Amino acid sequence: MPICGNLTGKEGLNTDNEMKFKSFAISKAKADAAADIDLINQYAMKTLAPEDVFCFSVVLSNNDVDRDMECLSDKSLDELAEMLTGKTGIMDHINRAHNQVARLYRVEVETPGGMNRLGKTLRQLRGSAYMLRTEENKALIASIEGGITKEVSISFQVKRVACSICDKDLKFDWRTYTCRCENDHVKGSEYDGKLCAGVLDDVTDAYEFSFVAVPANKGAGVAKGFNPGTSVHKAFLQMSMEQLSEFPEANEAVIKHLQMANTSADERAKRAAIRKFAEENL
Ligand SMILES: [Zn+2]
């Protein structure tokens, strides 16, 4: 579904900020544990030696247009570099204490050469992360070293998605299932040879990076699929009462569905049992 993004805050639906997940690759370039041990020790309670840690380098993001037709503004990249430094690395975006397996000890913006799709100098976020060489981490370290685990994604919130043509806000239009600005530029379309992309601007928070257990060929933005519901809710909230009132029967069905979703699993099971009994016996 062509959506503008996942529209939730950590505490639930947040209509001001948009939650973003972007996937990138662990790079072959190695981070040097011996050279970086002082940086790493800023985060450790006990003094770690280079042989205690496994370091790797990862491209966390860049300012090019991705397959969601979105890119980070230069300002967002700089903000993300600062916010992601010191953040933990987790598995599959599930943030539990036992699931925190790595930490970013350095994040820098670099210019690898070339231009992005909008004709601007390509810039990317390079992160260096460390893991402890413990028994528990052995399998993951081997998997990273062997090139099996090679995708990570970052999650962050942005205040707005701007049209790359006119800088007005891009908003999801439920009627056409497109993202468009008030000047009717549609995200992903071209105007006089210029692409309309969603420029992610004003990063408000960056949470963590995550190793993603998904096939690499699905590529960027695949982690978005983990939160499809929030976009649907946001789409409803963007519709006016007049628009919604055209569909009274559908509204009733949705209300019932949502009420059921907000009851406990126990309650749902009880109701299902009553319904089944009624169907079989009445
Ligand atoms: Zn526009």
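In debye to the nearest 20, how big a dipole does segment 8-224 give about its Cα centre with +1 on each Lys and Arg Cβ and -1 on each Asp and Glu Cβ?
I would put it at about 420 debye.
So for the pair Ala49, Asp173, with labels modelled 7 Å out along Cα→Cβ, what separation do we get in nm?
Label at Ala49, label at Asp173, 6.5 nm between them.
How long is the gain from Asp38 to Gln259 if the chain were fully straight, where each residue apart is worth 0.36 nm and the alpha carbon distance is subtracted?
Gain on extension, Asp38 to Gln259, equals 74.2 nm.
For segment 8-224, take N as its residue count and report Rg(C-alpha) divided by 2.2 N^0.38 Å.
This ratio for segment 8-224 stands at 1.08.
Under 17 Å from a point placed 7 Å out from the Cα of Lys138 along the Cα-to-Cβ direction: which residues of segment 43-71 have their backbone N that close?
Answer for this model: 52-54.
Values in this text are rule-based calculations from the coordinates and carry no lab data. Nothing here was measured: the structure is a model prediction, and the numbers come from that model. So basically every Cβ, Gly included, is an ideal-geometry build from the backbone, and we count neighbours across all protein chains shown.
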